[in-house]
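J.: Pasting in a structure now, in structure tokens, and then I'll have a few things to ask.
The values are calculated or read from the model by the stated rules, or taken from the named source; none is laboratory data. Please read these numbers as outputs of a predicted model, since none were measured by experiment. Every residue, glycine among them, receives a Cβ derived from its backbone with ideal geometry; neighbour counts consider all protein chains shown. With ligands, DNA and RNA removed, areas are computed over all heavy atoms of the protein, side chains included. Shrake-Rupley method; radii C 1.70, N 1.55, O 1.52, S 1.80 Å.
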Amino acid sequence: MKSRRCLLFLLLLASFLCGCARETPVTPEQQIRALLDRAEATVEARDLSAAMDLISSDYRDAFGRNRSEMRRMLAGYFLRHQSIHLLKQVEQITLTDETMARAVLFVGMLGAQAGEVESISQWRGDLVRLEVDLRLEADAQWRLYQASWRRASRGELLQ
């Protein structure tokens, strides 16, 4: 009886492992979209530590800020905004090589719950256009490497 259970367990384990081996590999674009989703959730949660885990140690932005200056900026933003609600729309993701990518996205930012807004084109809060460079790092994680942003208009979304 015990040997039958053991055999059944081994067969189940083998089928599970075979099933895992046949999973569709996650593409770099899917990984980057997942990173952008995590970034959105992290900022909304005001989780500074988790946000910093998404930023490369070599980070630089268009204003010359490095990673530690970005940390201070995020900490200040989280202190000023006790409630953060975001809505993002990814316009494009371009892989420049195997370890670098660029994403262009619009992010709507609001200090209170947006209600029934499902599309960024319906957004009534601040709207920002982001261009971010992402790098696949040694630990096989994509991280924010460079960024630039500016205020955007709703009209830009329709172009």
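J.: Would you please name the chymotrypsin sites (Phe, Trp or Tyr not before Pro) within region 27-102 that are DSSP coil residues with at most 13 other C-beta atoms within 10 Å of their C-beta?
T.: Qualifying residues, ordered by number: 63.
J.: Keeping all protein chains in the complex and leaving out DNA, RNA and ligands, what accessible area do you get for residue 46 with a 1.4 Å probe, in Å² to the nearest 10?
T.: 80
J.: Using a 1.4 Å probe on the protein chains only, how many percent of the accessible area of region 23-62 belongs to carbon and sulfur?
T.: Result for region 23-62: 49 percent of the exposed heavy-atom area is carbon or sulfur.
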